[in-house]
1. Answer yes if at least one residue in segment 171-180 is more than 16 Å from ligand 2 (Cβ to nearest atom), among the basic types (Lys, Arg) and in contact with a helix residue (DSSP H, G or I) (Cβ under 7 Å, 6 or more places away or on another chain), and no otherwise.
2. Check segment 306-322 and report whether any residue there is closer than 30 Å to Leu55 by Cβ, within 12 Å of ligand 1 (Cβ to nearest atom) and hydrophobic (A, V, I, L, M, F, W, C).
3. With respect to Lys8, is the statement that it is open to solvent by 10 Å² or more (accessible area, probe 1.4 Å), in contact (Cβ under 8 Å) with a residue 60 or more places away in the chain and outside any loop (DSSP other than H, G, I, E, B) true?
4. Pick from segment 177-200 the residues that are open to solvent by 50 Å² or more (accessible area, probe 1.4 Å) and either more than 12 Å from ligand 1 (Cβ to nearest atom) or among the hydrophobic types (A, V, I, L, M, F, W, C) (or both): which of them is farthest from the chain's Cα centre (by Cα)?
5. Check Ala123 against each of (1) open to solvent by less than 10 Å² (accessible area, probe 1.4 Å); (2) in contact with a helix residue (DSSP H, G or I) (Cβ under 9 Å, 6 or more places away or on another chain); (3) small (Gly, Ala, Ser) and name the one condition it does not meet.
6. From the list Val67, Val40, exactly one residue is among the aliphatic types (A, V, I, L, M), assigned to a loop (DSSP other than H, G, I, E, B) and without any contact (Cβ under 8 Å) to a residue 60 or more places away in the chain. Which is it?
7. Criterion first (touching a strand residue (DSSP E or B) at 6+ places or on another chain (Cβ under 9 Å) and either in a helix (DSSP H, G or I) or within 10 Å of ligand 1 (Cβ to nearest atom) (or both)) does Lys134 satisfy it?
8. Can you report the number of residues in segment 201-222 which are in contact with a helix residue (DSSP H, G or I) (Cβ under 8 Å, 6 or more places away or on another chain) and open to solvent by less than 30 Å² (accessible area, probe 1.4 Å)?
Amino acid sequence: MSAQQMLKVFVTRRIPQEGMKILQKAGMCNLSVWDSDEPVPRAELLKGVAGAHGLLCLLSDKIDVEVLDAAGPNLKVISTLSVGFDHLAIDEIKKRGIRVGYTPDVLTDATAELTVALLLATARRLPEGVEEVKNGGWSTWKPLWLCGYGLSGSTVGVIGLGRIGMAIARRLKPFGVKRLLYTGRQPKPQAQEVDGEYVPLDTLVSESDFVVVSCSLTPDTQGLCDKTFFSKMKKTSVFINTSRGAVVNQEDLFEALSSGQIAAAGLDVTTPEPLPTNHPLLTLKNCVVLPHIGSATYSTRGIMSELTANNLLAGLTGSKMPRPPFD
Ligand code: NDP
Ligand code: DGY
């Protein structure tokens, strides 16, 4: 391909080399990379995308009308290094006939594992225990010290039994979970595998010992977990969110945790990200916050990077895309 025929691609971050190698080897891309581990500043994004045929972005890049306008009519494809695509202005993107690629399935196991780890860490108070060992708070074995809640015989409620929700349910069942409730837009035949009971949201919230949020962020799920939601949870229940921060009203969560309305919360996602270090939630012992590391295993990120590159190339060449969220 001659230099003039090369297609301009803007990559908004340093990504795992697996994906970069694919893009370089394709020999059709004039690659421009925001060569940093930190997010591209908005002004640089608007500049970098100008005239691009392809955009490879991350979940931290808000791809809205302004970015699409800045890109201009050349833009054929947006490929995001994530399964969540709530950062993309999908209606506008569809209207302009731009194709989209994302990374479902390849990160399901890693994210489900992390969710289970976070649930156990939160319910069994692992960060508090580690801290007590370090700060001398461990004086002796005490019958009621650092007691938490176990999964055996419990009821777990999964909000959004999609790919990741199902993988979480599969992993939790062998811990001796007695009832597995789930909610979503419709019952799922695959729920049979985990004896899942499709129930209304209110039933799930009030009957679960562990409420696990694994739905996508949509206008319907935005702010779903609010004061009313938490007021229906048992005082002994544990809330876990590995979906998106905006599903939760964090002021209401803080109130529920600090007043003893619920027992504990584990969050891998927050609003904003990063959560400011002086955020009230970080003052609470019964709140475990992780820095959005659900899919963070070396191999998963490498495979995500490959898939993102292959989605991008397919979008550029007009061929069948490996994983589009819609066609
Ligand atoms: P899926 O599309 O397979 O699952 C999404 C689920 O959300 C579906 O089961 C859907 O239910 C459910 N849902 C949608 N609307 C509602 C609603 N109003 N109430 C309840 N449930 C609803 O996606 P994945 O499982 O692959 O990923 C889910 C999300 O997890 C991603 O969108 C992303 O935000 C997040 N994620 C976070 C990661 C992290 O690092 N913490 C890593 C990877 C993903 P139905 O099928 O009935 O419509
Ligand atoms: C996603 O893919 O949506 C996650 O949040 C990060 O892997």
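1. If we filter segment 171-180 for residues that are more than 16 Å from ligand 2 (Cβ to nearest atom), which is where we start, we get 171-180.
Restricting the remaining residues to those that are among the basic types (Lys, Arg) gives 171, 173, 178-179.
Filter once more, so that each one left must be in contact with a helix residue (DSSP H, G or I) (Cβ under 7 Å, 6 or more places away or on another chain): 171, 173.
Yes, segment 171-180 contains a residue that is more than 16 Å from ligand 2 (Cβ to nearest atom), among the basic types (Lys, Arg) and in contact with a helix residue (DSSP H, G or I) (Cβ under 7 Å, 6 or more places away or on another chain).
2. No - not one qualifying residue is present in segment 306-322.
3. Numbers: open to solvent by 10 Å² or more (accessible area, probe 1.4 Å): yes; in contact (Cβ under 8 Å) with a residue 60 or more places away in the chain: yes; outside any loop (DSSP other than H, G, I, E, B): yes.
Spelling it out, Lys8 is indeed open to solvent by 10 Å² or more (accessible area, probe 1.4 Å), in contact (Cβ under 8 Å) with a residue 60 or more places away in the chain and outside any loop (DSSP other than H, G, I, E, B).
4. That would be Lys178.
5. (2)
6. Val40
7. It is false that Lys134 is touching a strand residue (DSSP E or B) at 6+ places or on another chain (Cβ under 9 Å) and either in a helix (DSSP H, G or I) or within 10 Å of ligand 1 (Cβ to nearest atom) (or both).
8. 8
The values are calculated or read from the model by the stated rules, or taken from the named source; none is laboratory data. Everything quoted here is computed from the prediction, not taken from an experiment. Every residue, glycine among them, receives a Cβ derived from its backbone with ideal geometry; neighbour counts consider all protein chains shown. These area figures cover heavy atoms from the full protein model, side chains too; ligands, DNA and RNA do not enter into them. Shrake-Rupley method; radii C 1.70, N 1.55, O 1.52, S 1.80 Å.
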